Amino acid sequence: MPRRALAVLLAPFLALTLSAGPVEDAEALYKSGKADDAVALLEKIAADNPKDTEALLALFGIRADQKKWPEMTEALLRASDRGLAWGAKDPEARRINETLGLANWYANDAQRIEIFGRLAKELPKSPWRVGWLCVCFAAHVRLGHGAEADAIEKELQGMTLDAAQTFRVGRAYVECDRTPDRAVAMIEAALDRRSAEPLPQDAIERETALTEMAVWRSYLAFAYAAAGKRGAGNRFRDAEPADVEEFEEATAASGLGEARGNRVAAGDFDGDGWDDLSFNGTVFRNNRGVFERLPAEKLPEARGTGSLWADADGDGDLDLWVFDRKPAVRLFLNDGGTFAEAKDTGMEGELESIPEGAGLADANGDGIPDLYLAVYEGGDLGGGRVDRYFESKGGLKWEDALEARGMGEEKKEPLAGRGVNWGDFDNDGDMDCYVSNYRLQRNYLWRNDGKGHFTNAARELGVEGVGTKTEENTWYGHTIGSVWADLDNDMDLDLFCANLAHPRFIAFSNKSQVLMNQGASRGWTFCDVAPWCGLPFEETMSDPSAADFDNDGDLDLYVTGVYRERPSWLLRNDGAAHFEAATWRAGVMTFNGWGHAWLDADNDGDLDLVVCEGGKAKLLLNGLEAGVSWLQVAPRPKAGRTAIGARVAVFLGDSRQVREIAAGRGTTSQDSMRAQFGFGKRGGTATVVVTWPGGKTQRVEGVGLNRLLAVEQE
């Protein structure tokens with residue numbers, strides 16, 4: 001939990017617990033930067049009023065914000081000595097416990113033992129004591145304090161625990177990687193007990209309870225994986241459909257064992273028909289299914305926060321774009337498989353913060369990719385930094401045209417950008433841009449007028465998020481990555497938004513959304529069907545993609561979950577945008593995932609998956625059976641033009657499918673620029689229609705299946 005989150009949490013806590021008067025004056029002093037004066041005033045108030053708890057709670061909040069853990073703990077204990085309520089359902093106590101949770105986030109293991117060990121010792125009747133002991137237990141294990149950890153474990157085993165406390169103990173085993181079988185048993189027991197209890201009647205309390213149970217299941221998934229329990233008896237696998245082909249883990253055998261990064265981009269830079277990979281700018285060439293790192297004499301050091309492939313100079317091969325805070329963009333031009341850095345492009349300047357999202361598209365119709373960079377927050381978490389829109393001016397020159405092209409509201413009120421996704425959602429032949437913003441902020445949909453000028457249509461079309469108004473602000477979601485995809489095969493682009501959503505804030509924090517495009521007849525508005533389409537709740541959904549992994553003719557979803565114990569999800573589509581989990585059966589369960597890419601790494605006609613799991617590459621080869629029909633289409637534009645934004649439609653009998661070639665989705669991930677189509681057991685020949693950027697169409701009849709079709713622009 002970032003630092004400003006602590007201040008955000010403490011502000012309403014103080015407002016609810018402090019009365020007008022001297023305590024409020026102390027809070028004002030603290031906000032003005034006079035911390036010592038504020039502390040002195042609160043100490044005086046507490047000394048003058050022996051039964052007062054308000055001044056001590058204010059002092060507790062200030063010391064927590066300052067990360068002065070002993071002083072924070074002392075203030076809380078003094079308030080407790082004066083009769084502070086500690087009932088599990090007491091609102092004041094819950095707010096205190098949430099603040100302690102944030103302190104747990106910031107403290108190191110030794111400090112955690114100091115804070116929570118003292119609380120557990122001096123407040124033996126607190127309903128939160130089991131949780132405090134669990135924090136100390138995990139910290140002792142990580143620090144190698146065997147005797148201390150054993151003593152706490154023995155005490156916990158002798159307690160009578162409710163469902164929440166049972167989970168908390170199981171979670172502690174997970175967090176310190178100790179006894180995974182016991183973690184499994186305890187979390188399973190906690191889930192069974194909680195599932196047997198009636199849900200709260202209050203809608204918000206019920207939603208909080210349901211989402212909390214989903215978090216418990218995430219920890220159970222991690223415990224299953226740690227215990228090697230991936231087959232029968234794994235309750236997630238047992239609930240998934242049995243007819244899912246399994247992927248094979250092939251990282252080491254493929255040469256990617258040393259690949260590192262948190263974002264990955266797929267693209268065939270050398271034109272040999274095998275997709276290569278870039279991990280944050282470090283390139284691995286695909287040599288017929290075996291990857292080799294490109295040496296320094298072929299590519300200068302090019303490490304950044306992310307990278308994408310796109311032809312920048314119109315010579316027909318893919319160049320490498322690398323993004324960072326300074327310089328914002330490094331462009332490496334491809335000359336026969338050797339890269340040289342372009343200078344004076346106009347994109348080298350310094351950003352105010354790191355670019356979390358990047359996406360390329362020809363927005364102004366000149367044949368050259370333009371670039372949108374979603375810039376994240378600075379040190380004041382929640383305070384966004386200005387995005388950039390680099391528009392091509394020809395001759396390998398770009399300039400920042402954010403304001404000139406109608407996106408000035410981002411400069412007036414910068415939001416915390418995380419993801420960039422270009423797509424022609426309204427089928428008018430130009431590229432529109434969806435920007436995912438974090439920190440409970442609204443998202444943008446920059447709608448293109450066909451001439452490269454934009455207006456924000458997110459609110460009117462229903463894709464900025466669902467706002468919850470308070471006296472201070474309107475809160476939306478923590479959107480990380482998003483992806484455009486035709487999820488129901490009606491030939492327009494729908495939108496999936498991956499939102500991080502904490503259960504304790506679920507009353508005003510958007511969950512992930514499946515936004516279905518209602519088409520021209522309804523003004524290209526979107527409807528969120530997430531509550532009805534089978535989408536599971538996962539607290540930390542991050543980077544989403546859409547790919548037909550089983551070649552059955554519809555786009556499935558894959559979503560990574562960030563944080564160490566949080567799982568990814570492979571969601572199989574039934575063709576009508578109803579989803580069921582297939583993660584364990586397919587063998588693609590990962591944890592602490594971020595960027596990922598779909599590509600046919602071994603050129604066998606099905607899509608394989610590369611995931612950045614905990615900063616390391618993981619290659620999963622698709623084991624789809626040979627009897628399933630498929631077609632791959634590679635649009636090849638004219639010299640000086642780009643394939644990005646090309647719309648590929650394929651018709652075969654009653655099957656109609658559409659894909660759009662993209663350079664950037666999710667949060668700076670990139671899938672293969674070959675469009676993949678599956679047809680199940682269907683046979684025959686297909687009709688392929690390519691709509692090139694700019695609107696011209698090209699039709700190819702009688703296309704045989706199970707092949708790669710290259711379509712040269714006429």
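The values are calculated or read from the model by the stated rules, or taken from the named source; none is laboratory data. Only a predicted model underlies this, so the values are computations on that prediction, with no experimental measurement involved. Here the Cβ is made from the backbone with ideal geometry for all residues, glycine too, and neighbour counts use every protein chain on show. Heavy atoms of the whole protein, side chains included, go into the accessibility calculation; ligands, DNA and RNA do not. Shrake-Rupley method; radii C 1.70, N 1.55, O 1.52, S 1.80 Å.
Does any residue of region 368-376 turn out to be under 21 Å from the mean Cα position of the chain (by Cα), open to solvent by 10 Å² or more (accessible area, probe 1.4 Å), at pLDDT 95 or above and among the aliphatic types (A, V, I, L, M)?
no
Hey, Ile152 hits all of (1) over 21 Å from Glu212 (Cβ atoms); (2) touching a residue at least 24 places away in the same chain (Cβ under 8 Å) but one; which does it fall short on?
Just one mismatch for Ile152, condition (2).
Conditions first: (1) of a type in the set (Gly, Ala, Ser); (2) open to solvent by 10 Å² or more (accessible area, probe 1.4 Å); (3) in contact with a Phe, Trp or Tyr (Cβ under 8 Å, 6 or more places away or on another chain); (4) within 15 Å of Leu445 (Cα to Cα). Ala340 passes all but one, so which condition is the exception?
Looking at each condition in turn, Ala340 falls short on (4).
Among the residues of region 68-125, count how many are assigned to a loop (DSSP other than H, G, I, E, B), surrounded by fewer than 16 Cβ atoms within 10 Å (Cβ to Cβ) and modelled with pLDDT of 95 or more.
2
Which residues, taken from region 229-251, are farther than 17 Å from Val588 by Cβ and not in a helix (DSSP H, G or I)?
Within region 229-251, Ala232, Gly233 meet the criteria.
Checking Asp424 against (1) closer than 26 Å to Asp362 by Cα; (2) open to solvent by less than 10 Å² (accessible area, probe 1.4 Å), which single condition isn't satisfied?
(2)
Suppose we filter region 444-462 for residues that are of a type in the set (Gly, Ala, Ser), open to solvent by less than 10 Å² (accessible area, probe 1.4 Å) and touching an Asp or Glu at 6+ places or on another chain (Cβ under 6 Å); how many remain?
So the first thing to find is which residues in region 444-462 are of a type in the set (Gly, Ala, Ser), and the list is 450, 452, 457-458, 462.
Cutting the leftovers down to open to solvent by less than 10 Å² (accessible area, probe 1.4 Å) gives us 452, 457-458.
The next check asks that each one be touching an Asp or Glu at 6+ places or on another chain (Cβ under 6 Å); those that pass are 458.
Residues flagged as of a type in the set (Gly, Ala, Ser), open to solvent by less than 10 Å² (accessible area, probe 1.4 Å) and touching an Asp or Glu at 6+ places or on another chain (Cβ under 6 Å) within region 444-462 amount to 1.
Does Asp608 fit the bill of being more than 30 Å from Ser392 (Cβ to Cβ), surrounded by 24 or more Cβ atoms within 10 Å (Cβ to Cβ) and not small (Gly, Ala, Ser)?
Details: more than 30 Å from Ser392 (Cβ to Cβ): yes; surrounded by 24 or more Cβ atoms within 10 Å (Cβ to Cβ): yes; not small (Gly, Ala, Ser): yes.
Spelling it out, Asp608 is indeed more than 30 Å from Ser392 (Cβ to Cβ), surrounded by 24 or more Cβ atoms within 10 Å (Cβ to Cβ) and not small (Gly, Ala, Ser).
Provide a single number: the residues in region 566-598 that are open to solvent by less than 20 Å² (accessible area, probe 1.4 Å) and part of a loop (DSSP other than H, G, I, E, B).
Total satisfying the criteria: 7.
What pairs come up if the first residue lies in region 406-417 and is closer than 14 Å to Arg447 by Cα, the second is open to solvent by 60 Å² or more (accessible area, probe 1.4 Å) and modelled with pLDDT of 95 or more, and their beta carbons are under 7 Å apart, counting only those six or more places apart or on different chains?
Here the result reads Gly406/His453; Gly406/Thr455, each pair linking region 406-417 to a residue that is open to solvent by 60 Å² or more (accessible area, probe 1.4 Å) and modelled with pLDDT of 95 or more.
When you scan region 599-659 for strands (runs of 3 or more DSSP E) that lie fully inside it, which ones turn up with 1 or more residues that are touching a Pro at 6+ places or on another chain (Cβ under 8 Å) and farther than 22 Å from Val290 by Cβ? Show your work before the answer.
Working: elements: 608-613, 616-621, 629-636, 647-652.
The strands (runs of 3 or more DSSP E) meeting that bar are 647-652.
Tell me, yes or no, whether region 466-482 has at least one residue that is open to solvent by 10 Å² or more (accessible area, probe 1.4 Å), within 23 Å of Ala361 (Cβ to Cβ) and in contact (Cβ under 8 Å) with a residue 60 or more places away in the chain. Spell out the reasoning first.
So the first thing to find is which residues in region 466-482 are open to solvent by 10 Å² or more (accessible area, probe 1.4 Å), and the list is 466-476, 478.
Narrowing further to those that are within 23 Å of Ala361 (Cβ to Cβ): none.
No.
Would you point out the residue of region 229-259, among those that are basic (Lys, Arg) and closer than 25 Å to Val610 by Cβ, that is modelled with the highest pLDDT? Spell out how you get there, then give the answer.
Residues of region 229-259 basic (Lys, Arg): 229-230, 235, 237.
Pick out the ones that are also closer than 25 Å to Val610 by Cβ and you get 230, 237.
Numbers: Arg230: 94, Arg237: 97.
In this case the residue turns out to be Arg237.
Hey, does region 309-325 have a residue that's under 30 Å from His478 (Cβ atoms), in a loop (DSSP other than H, G, I, E, B) and not β-branched (Val, Ile, Thr)?
Scanning region 309-325 turns up at least one residue that is under 30 Å from His478 (Cβ atoms), in a loop (DSSP other than H, G, I, E, B) and not β-branched (Val, Ile, Thr).
What's the number of the only condition in (1) out of contact with any Lys or Arg (no Cβ under 6 Å at 6 or more places or on another chain); (2) in a loop (DSSP other than H, G, I, E, B); (3) farther than 23 Å from Arg447 by Cα; (4) touching a residue at least 24 places away in the same chain (Cβ under 8 Å) that Asn334 fails to meet?
(2)
Could you tell me whether any residue of region 433-444 is assigned to a loop (DSSP other than H, G, I, E, B), touching a Cys at 6+ places or on another chain (Cβ under 8 Å) and at pLDDT 95 or above? Outline the logic, then answer.
From region 433-444, those assigned to a loop (DSSP other than H, G, I, E, B) are 438-440, 442-443; that's our starting set.
Checking which are touching a Cys at 6+ places or on another chain (Cβ under 8 Å) leaves us with 443.
Going one step further and asking which of them are at pLDDT 95 or above, we end up with 443.
The answer is yes; a qualifying residue exists.
Only one residue in Gly645, Gly623, Gly678, Gly695 is touching a strand residue (DSSP E or B) at 6+ places or on another chain (Cβ under 8 Å), surrounded by fewer than 19 Cβ atoms within 10 Å (Cβ to Cβ), small (Gly, Ala, Ser) and touching a residue at least 60 places away in the same chain (Cβ under 8 Å). Which one? Explain how you work it out, then say what you get.
Working: Gly645 fails: surrounded by fewer than 19 Cβ atoms within 10 Å (Cβ to Cβ); Gly678 fails: surrounded by fewer than 19 Cβ atoms within 10 Å (Cβ to Cβ); Gly695 fails: touching a strand residue (DSSP E or B) at 6+ places or on another chain (Cβ under 8 Å).
Only one candidate passes the filter, namely Gly623.
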